[in-house]
Amino acid sequence: MSTPMRTRASRVVAVAAAASLLLPAAVAVAVPQHGPGSGPEHDGGTHLAATLAGRATLSADYLAEGPPSGAAVTPANGRQGPWDGQVIPGFSAMVDNHDGTFWAQPDNGFGAKGNSADFLLRNYLVRPQWDTGSKGSGDIEVLDFVEYNDRDDVLDFEIVNEDTDDRLLTGADFDIESLVRAADGTFWVGEEFGPFLLHFDADGTLLEAPYEFPDGKSPGNPYLEPGETPNVGGSRGFEALAAGGRYLYPVVEGALADDADPRRRWIYQFDTRGGEYTGKRWAYQTDQQANVVGDAFATGRDTMLIVERDDFEGDQSVTKRVYEIDLGRTGRDGFVRKELVVDALNIANPRGIDAGEGYGLGDTFALPVQSFETVLFVDRDTLLIGNDNNYPGNDARVTGTPDDTEMALVDLKRKRVTDDGVTVVGHRGASGYRPEHTLASYETAINQCADYIEPDVVSTKDGVLVARHENEISGTTNVAAHPEFADRRTTKTIDGTSITGWFTEDFTLAELRTLRAKERLPQVRPQNTPFDGLYVVPTLDEVLDLARNSRTCEGAPVGVYPETKHPSYFDSIGLSLEEPLVRELRLGGFDRADAPVIIQSFEVGNLQDLDGMTDVRLGQLISSSGAPYDFVADGDPRTYADMVTPSGLRDVAAYADGIGAEKNVLIPRNADGTLAAPSTVIRDAHRVGLDVHTWTFRRENQFLPAEFRSSTDPNGIGDLVGEIRVFMEAGLDGFFTDNPDLGAAAVS
């Protein structure tokens, strides 16, 4: 059960953006390219490593010339409008002028029609003075701007400045979000109130009537008929727009209202020569339902970068990522394949650029803003990312202080995948730092250098596998606070034990999605409780996708280590776990002998069944007491202690690839709580070809051997690294930990 070998040949090439009518200057960029197949599309030998190369900011309180703005804005972070000038609330899109300057476009101002009528739609010319850690002021200079207008009276609906000569457009007229520039210097803009495609000349004058979206309207569409149901969510239009050849590729930010798959986002093709949509579209799947597409940038004829983000900010953030997609390649599920280019929550900052100035500014740079909305290549190895700061509401960096507008340069270099030979498993994610079994916990584990993430798998009423520690969920969700589910509270016998509470098998997935996760051990981990109520219960599909679309700190594919919980019980109620688990693995491309997957269970029969159903590796869990429940139910007298004798381990090796043993099975404790001499289990397991993992390493004193405790406070933080190293010296192959950062430090 050690980390699998990675032998897939390198498929990374430099891609030159195709010469086009829309892109006046093409750059060759080094991005990952997809190969055939439907499995996790990771290069076996190398990976992209991201390093912060420069950063520049514009003060959140900067005011450009112009009339007052923000009279109707809700006060936040100590700021209240109106302000004596035009606010620049971040940049939603940028165009590189290849001379050190950029066109940088804010959105509609303050987020809604009703509060943005005094915000003028502009495109600013800016020059960042990059702070590289050794030079540069780190300031963004605002040099000039063009004002979007309808002075040629193209629009056939009333605008705020209807009766003026210049007919300047405002945030109550359009919500502009995305931007590309044509070879003739004109601008194409993606917009959200329609959603529309808008075409402006180089001076900002609207050239032609807005091009309407063929598949629906948003609630803010001026042509919405009385009683007509919008098909595009509010503020979920063309946040992203890429250009290639004669075509534009607008991307709908959120799911369409009539789409049965809430994770699907559509990419459309628009012909600028014919002035019409071509009828072609491609499906992109987000990592989770609530995520949105924030920007797009073409890197080739069929390839583009996609910003995918959630709406969280600061330490609550889960997804702030740049993926590369290829419109010419789709998976078995019909979605375009995507591969991680940059996780914007985990960028190395060896130069210490702006370290200590706010959250996400340290040895690792993160862009933890709510609205990560800009991505483009400035040269073949350097990515630019940036934000819309939703002034004055966002405060991701410093609580209570509005976020500045940021531009960051990220160097991308190819590095060899390495393997230290030890498997670090994020136990229920990084459950020492985030509520367990949430995508936030899994993402944190990955960024803390876990090799595998571990979802415990249970079933919903409608047969969907979800990640929960137990099927009883009162301790891990806020279900008790939902009066509509009060009658679901019941008592059941699970594996011979009477348990009262709420159970996943009594909820459909849709019902379960109305709940939010909470910290299971609030007295032990009070620092996790501020995250209570934020995150949904993830499906196994979402956990698999997160792993498939991620890389470990060593550059390898992230592994998944699912545990089937109470399989005999679920079989007894007609919700067998094994078949849907194998089906999910197959759909995700993980059902292979070399896939980074290990299925584990405390029972034996279901592992023996799985041995005939899948080629992935299997792990027999071993407790320090008791027996597998299916043995007990069948009257089999064997115990876990019997299973770790030399003969018992030979029996396990007939169907499993390794064992996951409780720590005390491998190294018992003395009467005084200190570690005793190792047992022979590791040696005996290795002799029959089994890998040995152990569970669970936790940093709090109450979980540590006496010699590694820091004090008598049971929740105080002791020397977890020291404990792990004792087990490593005994020959351990891998381990589960609630604190993957400390686990990684122990094996480094």
Original post:
Which length gain, in nm to one decimal place, applies between Ala510 and Ala355 when the Cα-Cα distance is subtracted from 0.36 nm times their residue separation?
Top reply: 51.6 nm
Original post:
Amide H of Val616: which non-local residues (sequence gap of 5 or more, or other chain) have their own amide H closer than 5 Å, using H built in the peptide plane?
Top reply: Arg592
**OP:** Enter the Cα centre distance for the pair region 465-489 and region 97-135, rounded to the nearest angstrom.
**Re:** 45
Subject >> Dipole magnitude of the chain about its Cα centre (Cβ charges: Lys, Arg +1; Asp, Glu -1), debye to nearest 20 >> reply: 2440
Original post:
How large is ³J(HN,Hα), in whole Hz, for each residue of region 320-331 in order, when computed from phi with the Karplus curve 6.51 cos²θ - 1.76 cosθ + 1.60 and θ = phi - 60°, using x for Gly and Pro?
Top reply: 9, 10, 10, 10, 9, 10, 10, 5, x, 10, 10, x
Original post:
Which entry in (1) 164; (2) 247; (3) 211 is this structure's computed volume of the Cα convex hull per residue in Å³?
Top reply: (1)
Subject >> CD proxy at 222 nm, helix term only [per DSSP H run n ≥ 4: -39500 (n - 2.57); per residue of the chain; nearest 500] >> reply: -3000 deg cm²/dmol
Subject >> Anisotropy class of region 514-553 from Cα gyration tensor, a/c 1.5 cut >> reply: oblate
Original post:
Heavy-atom accessible area of Glu700 with all protein chains present, probe 1.4 Å, nearest 10 Å²?
Top reply: 0
Original post:
Using alpha carbon centroids, what distance separates region 359-379 and region 716-743, in Å?
Top reply: 32
Original post:
If the cut-off is 29 Å between C-alpha atoms, which lysines fall inside it for Lys135, apart from same-chain ones fewer than 8 positions away?
Top reply: Lys320, Lys413, Lys415
Original post:
Given a Förster radius of 30 Å and the C-beta distance between Arg489 and Val398 as r, what FRET efficiency does 1/(1 + (r/R0)^6) yield to the nearest 0.05?
Top reply: 0.10
Subject >> Protein-only accessible surface order, largest first, of Thr46, Thr712 at 1.4 Å >> reply: Thr712, Thr46
Original post:
Rounded to a whole number, what % of the accessible area of the chain do carbon and sulfur atoms account for, probe 1.4 Å?
Top reply: 48
Original post:
For Thr508, what accessible area in Å² do you get when you roll a 1.4 Å probe over the heavy atoms of the protein chains, rounding to the nearest 10?
Top reply: 40
Subject >> Listed residue (Phe503, Met407, Gly612) projecting farthest to the positive dipole end of the chain, Cβ model >> reply: Gly612
Original post:
With the other protein chains left in place, how much accessible area per residue, in square angstrom, belongs to the chain at a 1.4 angstrom probe?
Top reply: 35
**OP:** Kindly report, to the nearest 10 Å², the accessible surface of Leu120 as traced by a 1.4 Å probe over protein heavy atoms only.
**Re:** 20
Subject >> q = 0.16, 0.25, 0.26, 0.33 Å⁻¹: log10 I(q)/I(0) that the Debye formula gives for region 531-576, counting C-alpha atoms only >> reply: -0.68, -0.93, -0.94, -1.07
Subject >> Rough spin-label spacing in nm, given labels placed 7 Å along Cα→Cβ, for Asp532 and Asn231 >> reply: 4.3
Original post:
Once amide H atoms are built 1.01 Å from N in the peptide plane, which residues 5 or more positions from Thr46, or in another chain, come under 5 Å H to H?
Top reply: Val417
Original post:
Any idea how far the Cα center of region 607-636 sits from the one of region 252-274, in Å?
Top reply: 45
Subject >> Cα pair distances of region 346-469 binned at 5 Å [whole percent] >> reply: 2, 10, 13, 15, 17, 16, 13, 9, 5, 1, 0
**OP:** Would you grab the residues whose amide H sits under 5 Å from the one on Phe365? Only those 5+ places off in sequence or on another chain, please, with H modelled 1.01 Å from N.
**Re:** Ile347, Ala348, Asn349
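Taking a ≥ b ≥ c as the square roots of the eigenvalues of the Cα gyration tensor of region 218-333, is the shape rounded (a/c under 1.5), prolate (a/b larger than b/c) or oblate?
Details: a/c = 1.63, a/b = 1.01, b/c = 1.62.
Oblate, since a/c reaches 1.5 and b/c is not below a/b.
The values are calculated or read from the model by the stated rules, or taken from the named source; none is laboratory data. Only a predicted model underlies this, so the values are computations on that prediction, with no experimental measurement involved. Neighbour counts run over all protein chains shown; Cβ positions are idealised from the backbone, glycine included. Just so you know, the surface numbers come from the protein's heavy atoms only, side chains and all, with ligands and any DNA or RNA stripped out. Shrake-Rupley method; radii C 1.70, N 1.55, O 1.52, S 1.80 Å.
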